[in-house]
Amino acid sequence: MGMASIIIPWVFFIQILSILSKSEAKVPAVIVFGDSSVDSGNNNFIPTIAKCNFEPYGRDFPGGTPTGRFCNGRLPPDFISEGFGLKPVVPAYLDPAFNISDFATGVCFASAATGYDNATADVLKVIPLWKEVEYYEEYQKKLRAYLGDKKANEVISDALYVISIGTNDFLENYYALPRRKSQFTVQQYEDFLVSIAEHFVRQIYSLGARKLSLTGLPPMGCLPVQRTTNFDDPLNCLEERNKVALEFNGKLKATVAKLNKDLPGLKVFFADAYELLLQLIKKPSQYGFEVVEEGCCGTGLFEMGILCNRHTPLTCPDANKYVFWDAIHPSQRTNKIISDQLVPRLKQQFL
């Protein structure tokens with residue numbers, strides 16, 4: 001038996017071992033920061049009108065319950081968690097129905113109507129991003145007490161952090177109110193927000209986060225509520241707002257590249273919500289959608305939150321035909337299609 005014939009099986013065996021250990025490397029938890037695109041119900045427990053813990057929200061959620069998710073069903077972090085072999089829903093940190101044993105495999109600190117800019121959170125008195133970080137620090141203490149330092153530190157560094165925020169800074173703040181507009185041009189405001197995003201990433205990195213998925217802005221000019229206010233070109237996308245979203249995303253992407261280079265062990269994946277959602281908006285029938293210009297709830301032109309309730313007339317019977325659930329938020333089916341495209345890319349990056 002020649003030397004080569006002994007070496008080859010060993011090489012093969014070592015390769016198999018390395019493949020097996022790679023498939024064993026798991027993401028133990030999904031940890032969520034952001035706004036209504038990912039809030040699983042934290043706003044139910046704070047005094048704000050930015051809530052949706054009533055029907056018809058949640059009508060396609062397991063059990064048909066309104067949970068405070070701005071959707072007819074589940075959100076991207078729920079599908080991402082399930083895609084990584086974890087639980088199918090990520091609970092809200094402020095929900096007293098859950099405790100640290102639930103949060104050990106996934107937790108959401110997001111707050112609907114918040115933004116990078118503290119002034120955005122002030123508009124509807126919701127949780128600012130700095131407070132989400134404080135809750136995360138509090139969570140780490142609870143996690144260490146529950147799992148012990150070693151195991152808790154592993155969860156913190158191996159968890160996937162899903163961050164989705166920024167749209168409200170423009171739609172609810174910059175374009176809607178005079179203060180920021182008087183202080184910044186839109187490009188300066190983009191730079192201001194990107195600098196906050198960078199600071200936020202550095203901050204959670206210093207607390208142990210290593211695997212981040214950072215979502216850019218969607219094509220915000222195509223949200224039904226924006227089409228409704230497009231008086232120059234009725235019911236078409238406000239292209240000028242889409243242009244701002246693309247510009248902002250370009251700056252955020254450059255910052256992500258810089259952070260990946262600067263911070264040892266950090267991996268930030270830029271999740272391009274713009275392109276993923278735009279595909280569905282531009283070619284809805286390819287994905288089995290019938291309606292893209294308006295949401296399912298009410299007229300679909302302006303209703304969201306408290307304006308989208310069970311007394312709202314005209315709500316559609318089948319949200320699966322709609323890209324949007326209300327005038328701002330995607331339907332569960334849209335969330336699932338986007339997440340299904342995202343999960344393999346995240347696995348490639350982080351497993």
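Some notes on this structure:
- Restricting attention to the stretch 132-174, the residues being over 19 Å from ALA273 (Cβ atoms) and either without any contact (Cβ under 8 Å) to a residue 12 or more places away in the chain or small (Gly, Ala, Ser) (or both) number 12.
- Which numbered condition THR334 misses (of (1) under 16 Å from the mean Cα position of the chain (by Cα); (2) open to solvent by 40 Å² or more (accessible area, probe 1.4 Å)): (2)
- Residue in the stretch 282-300 that is on the phi < 0 side of the Ramachandran plot and at pLDDT below 95 present: no
- Members of the stretch 305-315 that are in a helix (DSSP H, G or I) and open to solvent by 40 Å² or more (accessible area, probe 1.4 Å): ILE306, LEU307
- Flag for GLN203 being among the polar types (S, T, N, Q) and without any contact (Cβ under 8 Å) to a residue 60 or more places away in the chain: no
- For first residues located in the stretch 311-329 and within 13 Å of VAL291 (Cα to Cα), partners that are among the acidic types (Asp, Glu) and open to solvent by 60 Å² or more (accessible area, probe 1.4 Å) and lie 6+ apart or on another chain with Cβ distances below 6 Å form the pairs LYS321/GLU290.
- Close pairs from the stretch 288-309: first touching a residue at least 12 places away in the same chain (Cβ under 8 Å) and over 19 Å from GLY58 (Cα atoms), partner of a type in the set (Lys, Arg) and surrounded by fewer than 24 Cβ atoms within 10 Å (Cβ to Cβ), Cβ under 7 Å, at least 6 apart: PHE289/LYS321; GLU290/LYS321; VAL291/LYS321; GLU293/ARG227
- When GLN341, GLN349 are checked against the criterion of being more than 19 Å from PRO224 (Cβ to Cβ), in a helix (DSSP H, G or I) and over 17 Å from the mean Cα position of the chain (by Cα), GLN349 stands alone in meeting it.
- When residues in the stretch 25-50 are screened for being crowded, with 24+ Cβ neighbours inside 10 Å and not hydrophobic (A, V, I, L, M, F, W, C), 9 of them pass.
- Of all residues in the stretch 282-304, those that are farther than 17 Å from THR228 by Cα and either open to solvent by 60 Å² or more (accessible area, probe 1.4 Å) or not hydrophobic (A, V, I, L, M, F, W, C) (or both) total 8.
- Residue among LEU276, LEU252 that is buried (at least 16 other Cβ atoms within 10 Å of the Cβ) and touching a strand residue (DSSP E or B) at 6+ places or on another chain (Cβ under 8 Å): LEU252
- Members of the stretch 133-166 found to be in contact with a Pro (Cβ under 8 Å, 6 or more places away or on another chain) and aliphatic (A, V, I, L, M), listed by number: VAL155, ALA159, VAL162
- Of the numbered criteria (1) in a helix (DSSP H, G or I); (2) touching an Asp or Glu at 6+ places or on another chain (Cβ under 7 Å); (3) open to solvent by 10 Å² or more (accessible area, probe 1.4 Å), the one GLU137 fails is (2).
- Residue match in the stretch 44-56 (condition: within 23 Å of THR114 (Cβ to Cβ), out of contact with any helix residue (DSSP H, G or I) (no Cβ under 9 Å at 6 or more places or on another chain), at pLDDT 95 or above and among the polar types (S, T, N, Q)): yes
- Residue match in the stretch 316-329 (condition: aromatic (Phe, Trp, Tyr), surrounded by fewer than 19 Cβ atoms within 10 Å (Cβ to Cβ) and either under 22 Å from the mean Cα position of the chain (by Cα) or on the phi > 0 side of the Ramachandran plot (or both)): no
The values are calculated or read from the model by the stated rules, or taken from the named source; none is laboratory data. The structure presented is a predicted model; accordingly, all values stated were derived computationally and were not measured. Reconstructed Cβ throughout: ideal geometry from the backbone, glycine too, with neighbour counts over all protein chains shown. All accessible areas refer to the heavy atoms of the entire protein, side chains included, with ligands and DNA or RNA removed. Shrake-Rupley method; radii C 1.70, N 1.55, O 1.52, S 1.80 Å.
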